[in-house]
Structures are given as structure tokens and as C-alpha cells.
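Report on the following structure.
Derivation of every value follows stated rules applied to the coordinates shown; laboratory data play no part. Since the structure is predicted, the reported quantities are computational estimates derived from the model, not experimental observations. All Cβ positions, even for glycine, are placed from backbone atoms using ideal geometry, and neighbour counts span all protein chains on display.
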């Protein structure tokens, strides 16, 4: 047996395919309402109580016998688009997108192709045998390469806000989201760690605003603009955003960021101009892509001399720092 297309589930659904009853051939209001009701019932308590769902579609799918569309989900926990394909008779629904084998690339191993399947924030690596018989949700890893050095080689530290001793033995890169409450916890725990390891560590801050946080990306862009007026200005701006995190909303965020800029003495004309710079927006996108390239899929995540330490756990972070200082890795 060979495969021409693969479909992958999104969100938290345990099954790839569902049996639902309908003979509709085109999207209409009744069909859209039926699908919305089905998804809400299928997810049950896993769907936020205030979630609203819109159905966008249908269009022709590259998967023969199926149409495609999107569920547009909005809730207090965030928003997102979930693509789906559905059989022509309306019975079978798959949350995901058709994946063509033509998208796969060669690998160093004969008989294996590689690619990625979209799965929410973090694409899932996939390997497929060229005869189409075997599929593996995994990636090929060269065991002769130092994984910590390989991770650090993918991280750019040029023109990135930093604090700590320039000659420190341990480099820590923090991927963070200004709207994330756990990132606020990480910000609060770092001063004690900086004091404990004074002269031994330096911490770089990189942007990873999550798509379900509606003002996080704007904060990332504003903080990059603050950093353009000095490393210390970035950290002052950084601290003000986290200190006021609970009072910032998508509606007042621009005013709040402008107020912070004035409070720390930024040139507000330069700051305002910077906010609309495509180069700054691209820098944020690059840092997000970099995080994904090394396997970071949540915030906060620290990279300690190449060791990935997710979460705002001071004990885990100190353990990674101690290991790096003792050269036991």
C-alpha cells in the first residue's frame, strides 16, 4: 500500500476521523451550524465555555473525494484557525490539512524522505519510507554531533538584549512572551538567580509571542524598538510591561506602551516611527522561527549553553547552570 496524502489532527482531538451524518455538497447555514454543534459536543469540556466558532469554506481539496474549510475559533483563551477536510457526502471530518508526498525532502538515509506536518504552534517532523509503507513521527538525529553545540549554532545573539557578565561562562537565552503569566513568574525569579551566579551567567532575551495572546506581538515589537535606543532601555521597558501585565489589554496596549516609552525617557518620535517598521516585525518573526527550529514550543523556555529548560522553574534552571559550570554535559 502507498500513500499520496496524509492528514494530521489539530488541537486536542484524540481521533483523526469522525463519522457525522449529512449529504450536503455545499456549505450553507444549516451545514455550518451542524458542524459547529458537532465540534462543541465532541470537545465537550475541553472547549472554553465562551468559545465561538465560525465555519469558513468549502473549497476544492487536493485530497480526492474531500472538500476543505476552516474553523475560526475565538475565546478568552485566544483565537486561531483550524483547517479541516470533509468527505463529499459530509460524513467524515478530519481536522488537518492534506499533506502531499511531493513536499518531502531527501535525507542522508537511503529509503527515507522527511518533512513536517502542521500541528498548531509546533510542526511535527515526519519520516516516510520511499515505498510508502512506513511513516514515523520523528526526525533524524546525527549522534556524532554535540547536540548542545548544534542548538547554540542555530541561535543568533547579534543585537539581542542581554544582562550579566559579558565574559560569563554560561550563556542563557530566554524565549518569552510579554502576555504570558508564566513568563512574568520567570521575570520575577531571575534576579535571585542572577545574584547567585553573579559573573558566571549572562541572559539574552528573545521574542516568542504566542498566537493566542492578542497584545503580545505588539509588546514584542515595542520592546525591540525600545532596545534600539539602548540595552538598558530595553530592560526598563521589559520590566514595566511585566509589572503592568494584568492591566494591559489589546485595546489599551498602544497607549500603555507609549506611556512606558515616555516614562523611561525614550525619544518618542523615533519610538513611534519604529513601531511601524517592517524590519522590526520581521526581526520578531525570525526569533519566533528560530525558537521553533530548536524545538521550543512554549513560554518561557530557557536555553542554557544549548540545554533546553522549559518553564519558570528555578530549580531546573539552576540545575542546568550548575551542570554547565561543572562541564558535566
Calculated from DSSP helices alone, with each H run of at least 4 adding -39500 (n - 2.57) and the total divided by the residues of the chain, [θ]222 nm to the nearest 500 comes to -10500 deg cm²/dmol
On a 0 to 90 degree scale, rounded to 10, what angle separates helix 253-263 from the longest Cα axis of the chain?
-> 10
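Please tell me the relative contact order of the chain in percent, rounded to the nearest whole number, where contacts are Cα pairs under 8 Å and at least six residues apart.
15
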Computed over segment 32-96: relative contact order in percent, which uses C-alpha pairs under 8 Å that are six or more apart = 23
Kindly express, to the nearest 10 degrees and within the range 0 to 90, the angle between helix 314-325's C-alpha long axis and the longest C-alpha principal axis of the chain.
-> 70
In terms of the Cα gyration tensor, with a ≥ b ≥ c the square roots of its eigenvalues, is segment 120-220 rounded because a/c is under 1.5, prolate because a/b exceeds b/c, or oblate?
-> oblate
Determine the shape class of the chain: with a ≥ b ≥ c the square roots of the Cα gyration tensor eigenvalues, call it rounded for a/c under 1.5, and otherwise prolate if a/b is greater than b/c, oblate otherwise.
-> oblate
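Please report the antiparallel percentage of the DSSP beta bridges confined to the chain, to the nearest 5.
If I count the DSSP bridges inside the chain, around 85 percent turn out antiparallel.
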Label-point separation, residue 254 to residue 167 (7 Å along Cα→Cβ), nm = 4.8
The alpha-carbon center of segment 141-210 and that of segment 43-71 are separated, in whole Å, by 38
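Say R0 is 30 Å: what FRET efficiency, to the nearest 0.05, do residue 285 and residue 89 get from their beta-carbon distance? Write out the running numbers ahead of the final one.
Working: r = 40 Å, r/R0 = 1.35.
Rounded to the nearest 0.05, the efficiency is 0.15.
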Along Cα→Cβ, 7 Å out, is where each label goes; now give me the distance between the ones at residue 38 and residue 154 in nm to one decimal.
-> 3.7
With r as the distance between the Cβ atoms of residue 138 and residue 195 and R0 = 45 Å, compute the FRET efficiency 1/(1 + (r/R0)^6) and round to 0.05.
-> 0.65
Residue 270 to residue 185: FRET efficiency via 1/(1 + (r/R0)^6), r the Cβ-Cβ distance, R0 41 Å, to the nearest 0.05?
-> 0.80
Let a ≥ b ≥ c be the square roots of the eigenvalues of the Cα gyration tensor of segment 148-325; is it rounded (a/c under 1.5), or, if not, prolate (a/b larger than b/c) or oblate?
-> prolate
At 0.36 nm per residue, minus the direct Cα-Cα distance, what do residue 51 and residue 293 gain on full extension? Give it in nm, one decimal, please.
-> 84.0 nm
Nearest 10 degrees, 0 to 90: what angle lies between the long axis of helix 29-43 and the longest principal axis of the chain (Cα atoms)?
-> 60
